[in-house]
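Enquirer: Below you'll find the structure I mean.
The values are calculated or read from the model by the stated rules, or taken from the named source; none is laboratory data. Since the model is a prediction, treat every value here as computed from it, not as a measurement. Please note: Cβ atoms are built from the backbone with ideal geometry, for glycine as well, and neighbour counts cover all protein chains shown.
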Amino acid sequence: MQLQAPWLLARAASVVMHKTQPAPPTLQFKYPLPYGAILHDTGVQFAVYSRSATAMRVLLYDRVSSREPKRVIELDPQADRWGDIWSTFVPGLEAGTLYHFQADGPFEPDKGLRFDRHARLIDPYARALAGTFQRSTDGIVRPPKCVVVDDHFDWRGDRHMNRPLAESVIYEMHVRGLTRSSTSNVEHPGTYLGVIEKIPYLKSLGVTAVELMPVHEFPLAESDGSKPRRANYWGYDPMAFFAPHRGYMDGNKPGDQVKQFKTMVRELHAAGIEVILDVVFNHTSEGNEYGPTFSFKGLQNNVYYMTTDDGGYKNYSGCGNTVNGNHPIVREMIFHCLRHWVYNYHVDGFRFDLASILSRDRSGELVPNPPMVEVIAEDPMLADTKIIAEAWDAAGAFQVGSFSNMRWAEWNGHYRDDIRRYWRGDFGVTGAMATRLSGSSDLYQPSGRNPYHSINFVTSHDGYTLNDLVSYERKHNLDNGEANRDGDNNNYSSNYGVEGPTRRTAIVALRRRQAKNMIASLLISQGVPMIVSGDEVLRTQRGNNNAYCQDNATSWFDWRLVKRNDEMLRFTREVIAFRRQQPVLRREKFLTGTASRPGELPDVSWYGVEGQSIDWESTYNSLTCLLGTCWLTNPAARSVLIMMHSGGKGQKFAIPEPARHLRWRLFIDTAADPPGDVYPQHDGPIVAANRPILLAHHSLRCYVAE
């Protein structure tokens, strides 16, 4: 098993050979691993896995536009095959060399084998791709070319930041969408370099990490040979796991995306912002038995994919095929890939799309303690990274709270739904709201995990934006070309009287208040908050809750909103800053409802509107939460009093008796006009402890003890 970064291992092997026996250049790098195309001083070592291939070739091209190779290298089955590894050293090649693999073998779909001796294949370990799908002289569609990459880069001393997960505020973001709009006014729109230009904005917002939607290679809008494609905007359609997406680089020099991606990471780190990658190890863009062959299918289909007895594909991803994540060969590839991004790109963590597929064995059954999940959690090189699961898949698995008992964090789908339902005014969810605010102990405490293993979110890329959540009751996805059948029908949203945009002042005000309610709830909850790019300025997708193919103004960040909705932006910034200042909102252990000393406020207590202990069986709409500073040693910790009311009429609240000995200053009032909606200096009006507090309908107030 490969225990170092690939180029280190290869060079180590080279050093050993030099010390033990001088060898001519053609024999210098005969050690068959690591996989991929590894650059050396005198040439390139190519290595690829295939158990059933009968012949293997490396095709070399002189230009990205070349339809035919300038050179074909036949690997010798005797001299260039080591077990199931085909490997050869080609002297004289340099960084920037363009190549494909090509394999002969049986086409026996009933046995899971789909070799095509004419297919040109992307190296599963390719470090970069160049060009697009194109037709060769014989009319067959060929995939983008692989690029030999020199991984050397001036990191200027950059290392992983290792910020504790509990202290994180995550910003889910699309690299292209952040700056593609002409309103972004950047020099390099829609690119890795464009992100760098917006770092001052990200820093001013106060987020600690960006979670990038897929940046590993996926097909562009062009056809892959199977059928015309809609724009693949989100990128959940991978074809080269080790390669940063060529569509996000500035210019078109082969391999330049590697340097630009590293530059982006380095500059984000310099600004104190970590980088988390959304990775898609559950399927590939080769699709099902009717899809094209341009990589894994043509090398060892029945190993890389879960196949059926009749030669079809098990489809737990909803995308035509399912990566066979718990096969040893595939497990090794994923393991190497994660190390590659951590070592060569300095990324700080990963969010695993449809991660429940990693819990399925080679026959597709969900198993306890799946090897892949354990390997990721226990790998020493990944020990300082953040690992986050989307703990469900497209075949019915829903493992939120039960995905793992190790250090895995999870997107908390229950949090999303309960927060939405509470603020919409649904009956019987006040108790669930309290549980989510306090870190979802019902989900994570039984497995020995902590509040920060809950990644809390109200919205994500998949679904409504925050603005649309309070503006639409029905999805509006006709522009996707699927007759509005796509996207989730169960959104727990409300339009408050009018579907979509309106000029009715009362509705506009209520929608903005509800948006603030949900942002405030998110940022004062125990656990780790995740905000979707643009929610802080009320970005809209005009009711589209599945904008996966909308590479246009529907999905792009409209930078005019920064000024137009500066009220919402200011509110979000200040509540983020408050969260980062206040350890009482980001505890690393679950709340207990007890105090560390007699007479001290407990870490949490809950009350009804009259200040009495709450009756969870009868409560409806209204909730008071008192957070004490006990068990905390940080002198910055302050007690916090939160009152929430999701009813349609105003409600009087009494300050609970245990809190009346403290002086409370208003920090948040979502019903107030700015600047009275948030007091950044914690200098809001002092509340009289013996007088009732009137909360407007659908509003939240937060007080901070002096």
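Enquirer: Could you please find all residues in region 407-462 being in a helix (DSSP H, G or I), over 24 Å from the mean Cα position of the chain (by Cα) and either of a type in the set (S, T, N, Q) or surrounded by 21 or more Cβ atoms within 10 Å (Cβ to Cβ) (or both)?
Expert: Matches in region 407-462: Tyr422, Trp423, Thr430, Met433, Thr435.
Enquirer: Right, here's the next one. Looking for something modelled with pLDDT of 95 or more and farther than 30 Å from Leu268 by Cβ - is there at least one such residue anywhere in region 123-131?
Expert: Pass one, region 123-131, residues modelled with pLDDT of 95 or more: 123-131.
Then keep just the ones that are farther than 30 Å from Leu268 by Cβ; that gives none.
No, that holds for no residue.
Enquirer: Which of (1) part of a loop (DSSP other than H, G, I, E, B); (2) touching a strand residue (DSSP E or B) at 6+ places or on another chain (Cβ under 9 Å) is the odd one out, the single condition Arg701 does not satisfy?
Expert: Failing condition for Arg701: (1).
Enquirer: Pick from region 90-124 the residues that are basic (Lys, Arg) and touching a strand residue (DSSP E or B) at 6+ places or on another chain (Cβ under 8 Å): which of them is nearest to Ala79 (Cα to Cα)? Talk me through it step by step, then tell me what you get.
Expert: Our first condition is that a residue be basic (Lys, Arg); within region 90-124, this holds for 111, 114, 117, 120.
Pick out the ones that are also touching a strand residue (DSSP E or B) at 6+ places or on another chain (Cβ under 8 Å) and you get 114, 117, 120.
Working: Arg114: 25, Arg117: 21, Arg120: 23 Å.
My answer is Arg117.
Enquirer: Let me ask something else. Kindly indicate the residue of region 52-77 that is more than 26 Å from Tyr304 (Cβ to Cβ) and among the polar types (S, T, N, Q) and also surrounded by the most Cβ atoms within 10 Å (Cβ to Cβ) among those meeting that condition. Write out each step before concluding.
Expert: Taking region 52-77 first, the residues more than 26 Å from Tyr304 (Cβ to Cβ) are 62-68, 70-71.
From what is left, the residues that are among the polar types (S, T, N, Q) are 65-66.
Numbers: Ser65: 11, Ser66: 16.
In this case the residue turns out to be Ser66.
Enquirer: Then there's this: Could you list all residues from region 229-276 that are basic (Lys, Arg) and free of Cβ contacts under 8 Å to residues at least 40 places away in the same chain?
Expert: Arg229, Lys253
Enquirer: Conditions first: (1) touching an Asp or Glu at 6+ places or on another chain (Cβ under 9 Å); (2) touching a residue at least 60 places away in the same chain (Cβ under 8 Å); (3) crowded, with 17+ Cβ neighbours inside 10 Å; (4) of a type outside the set (D, E, K, R). Gly194 passes all but one, so which condition is the exception?
Expert: The number of the failed condition is (2).
Enquirer: Go through Gln514, Gln541 for me and flag whichever is assigned to a loop (DSSP other than H, G, I, E, B) and crowded, with 21+ Cβ neighbours inside 10 Å. Before you say what the answer is, go through the steps one by one.
Expert: Details: Gln514 fails: assigned to a loop (DSSP other than H, G, I, E, B).
Just a single option satisfies the conditions, and that option is Gln541.
Condition check ((1) more than 18 Å from Asp62 (Cβ to Cβ); (2) of a type outside the set (D, E, K, R)) across all residues:
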{"position": "Pro109", "(1), (2)": "yes, yes"}
{"position": "Leu113", "(1), (2)": "yes, yes"}
{"position": "Tyr125", "(1), (2)": "yes, yes"}
{"position": "Leu129", "(1), (2)": "no, yes"}
{"position": "Asp138", "(1), (2)": "yes, no"}
{"position": "Val141", "(1), (2)": "yes, yes"}
{"position": "Asp154", "(1), (2)": "yes, no"}
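Enquirer: List every residue pair whose Cβ atoms sit under 7 Å apart, with the two residues 6 or more apart in sequence or on different chains, where the first one lies in region 496-521 and is more than 25 Å from Tyr679 (Cβ to Cβ) and the second, anywhere, is in a helix (DSSP H, G or I).
Expert: If the second residue must be in a helix (DSSP H, G or I), the pairs left are Tyr496/Ile507; Tyr496/Leu510; Tyr496/Arg511; Gly497/Ile507; Val498/Ile507; Thr502/Val508.
Enquirer: From the list Ser295, Ser359, Ser363, pick out the single residue that is more than 25 Å from Val169 (Cα to Cα), of a type in the set (S, T, N, Q), touching a strand residue (DSSP E or B) at 6+ places or on another chain (Cβ under 6 Å) and modelled with pLDDT under 95.
Expert: Testing whether each residue is more than 25 Å from Val169 (Cα to Cα), of a type in the set (S, T, N, Q), touching a strand residue (DSSP E or B) at 6+ places or on another chain (Cβ under 6 Å) and modelled with pLDDT under 95 leaves just Ser359.
Enquirer: Considering region 151-180 alone, what residues qualify as being buried (at least 19 other Cβ atoms within 10 Å of the Cβ) and part of a helix (DSSP H, G or I)?
Expert: Once the filter is applied, which keeps residues that are buried (at least 19 other Cβ atoms within 10 Å of the Cβ) and part of a helix (DSSP H, G or I), region 151-180 yields Leu165, Val175, Arg176, Gly177, Leu178, Thr179.
Enquirer: Of all the residues that make up region 592-609, how many are within 15 Å of Met644 (Cβ to Cβ) and assigned to a loop (DSSP other than H, G, I, E, B)?
Expert: The total comes to 3.
Enquirer: Run Ser404 past the list (1) surrounded by fewer than 19 Cβ atoms within 10 Å (Cβ to Cβ); (2) of a type in the set (Gly, Ala, Ser); (3) part of a loop (DSSP other than H, G, I, E, B) and report the number of the one that doesn't hold.
Expert: It is condition (1) that Ser404 fails.
Enquirer: Right, something else. Of the residues in region 563-593, how many are in contact with a strand residue (DSSP E or B) (Cβ under 6 Å, 6 or more places away or on another chain) and farther than 18 Å from Asp683 by Cα?
Expert: Keep residues of region 563-593 that are in contact with a strand residue (DSSP E or B) (Cβ under 6 Å, 6 or more places away or on another chain), which gives 571, 574, 584.
So of that shortlist, the ones also farther than 18 Å from Asp683 by Cα come out as 584.
Matching residues across region 563-593 total 1.
Enquirer: Mind listing whichever residues of region 544-575 are in a loop (DSSP other than H, G, I, E, B) and among the basic types (Lys, Arg)?
Expert: Step one: list which residues in region 544-575 are in a loop (DSSP other than H, G, I, E, B), which gives 544-560, 565.
Result: Arg560, single match.
Enquirer: Output the qualifying pairs, or none if there are none: Cβ atoms under 9 angstrom, residues six or more apart or on different chains, first residue in region 56-81 and within 17 Å of Arg142 (Cβ to Cβ) and in contact (Cβ under 8 Å) with a residue 12 or more places away in the chain, second residue of a type in the set (Asp, Glu) and in a loop (DSSP other than H, G, I, E, B).
Expert: Final answer for the pair search is Leu59/Glu68; Tyr61/Glu68; Pro69/Asp62; Arg71/Asp62.
Enquirer: If Val210 meets every condition in (1) in a loop (DSSP other than H, G, I, E, B); (2) buried (at least 23 other Cβ atoms within 10 Å of the Cβ); (3) not aromatic (Phe, Trp, Tyr) apart from one, which number is that one?
Expert: (1)
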